[in-house]
Amino acid sequence: MAGKDKTVVRTLEDLTLDSGYGGAADSVRSSSVSLCCSDTHQSVSHGGNYWHLTESMHSRHNSLDTVNTVLAEDTEILECAGHCAKLPELEEVPWSLGEVEGALRKDEELMLGNPSPEVLARLSALISRALVRVAREAQRLSLRYAKCTKHEIQSAIKVVLSWTISVNCITAALSALSIYNMSSAGDKFSRGKSVRCGLVFSVGRFFRWMVDSRVALRIHEHAAIYLCACMESLFREVFGRVLRSALVERDNGIPKITLESMEQAISNDSEIWGLLQPYQHLICGKNSSGRKAQQNILSNHTNFH
């Protein structure tokens, strides 16, 4: 009897995340996390359903080199915020502050700072902008075949993030997917997908977020795993850089993280500053002082010698 119950009981993730493609086209819920910054843009119909294009698709050449880059003469793109269009602010994110703390605890060194709830909340708000950038690029890449797989997510990560950070995120995604594929068939009914991937963030919640945000008409579960693992790794990457920053005060070797010190550390890091800003045209490569990543690397190399 117990064995029969085991086959019937399934986790919430497995009930909402199928093994093939989830149909965003069949979703009747209106998305509160639209990737568009306004409702003024026209929609393209696919099979009677409306596909919301993002501003990155309104770029002049619609190529990888123009992603998240706006032109001064494109008034429709710039109408959101004066001269600089802003990214949409997410009303809901596919993670909780408890999960953020749990993801950081996977690396013991990151918990030396003992981040406060205010710091975690601010970090969550900043990373949500990176999530929007990756999701919008994945949405653009998914247009051709109207489906989002791990390949679109991986390509979006490479385009949006810096080389160093993208390598770490893709490595984490590959590891999560490998662990998931190696899980036994019996685990499908006894453990959730996040546990089977070795992740703290909920894969099912990421999948539903991608469906509600209309990233693609069809979304494969591996895409949700990739995006979930990427964001979890990005939290550790950004917070680790803040902890290692010389701008963070230390008490007996223990870093004291405040909102101000975290903002200053991020502003001084050219690989993450533009990524975490609310403006569409900013990407990785420069810090708040305008110094490029290569300049920082050469400066650090000179100081080292």
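The values are calculated or read from the model by the stated rules, or taken from the named source; none is laboratory data. Note that this is a predicted model, so its numbers are computed, not measured. Glycine also receives a Cβ, built like all others from the backbone with ideal geometry; neighbour counts cover every protein chain displayed. Protein only, heavy atoms only, side chains kept; ligands, DNA and RNA dropped before computing areas. Shrake-Rupley method; radii C 1.70, N 1.55, O 1.52, S 1.80 Å.
Details
- Of Asp212, Asp107, Asp251, the residue with the largest accessible area leads and the full order is Asp251, Asp107, Asp212 (1.4 Å probe).
- Rounded percent of accessible protein surface that carbon and sulfur make up, the range 97-276, 1.4 Å probe: 51
- Solvent-accessible surface (1.4 angstrom probe) belonging to Tyr279, in square angstrom, nearest 10: 80
- Leading residue at positive end of dipole, the range 97-276 (Cβ point charges), from Gly102, Val238, Cys148: Cys148
- Under the simplified labelling scheme, the His281-Leu259 pair shows an inter-label distance of 2.8 nm, with each label point 7 Å from Cα along Cα→Cβ.
- Greater than 30 Å apart at Cα, pairs in Lys106/Lys256; Lys158/Lys193; Lys193/Lys256; Lys86/Lys150; Lys106/Lys147: Lys193/Lys256; Lys106/Lys147
- Summing Cβ point charges (Lys, Arg +1; Asp, Glu -1) relative to the Cα centre of the range 97-276 gives a dipole of roughly 940 debye.
- Sequence-distant residues sharing a close amide H with Tyr279 (under 5 Å, placed H): Leu87
- Length added when fully stretched, Lys86-Ile179, from 0.36 nm per residue minus Cα-Cα: 29.7 nm
- Per residue, the accessible area of the range 97-276 comes to 39 Å² when a 1.4 Å probe rolls over the protein heavy atoms.
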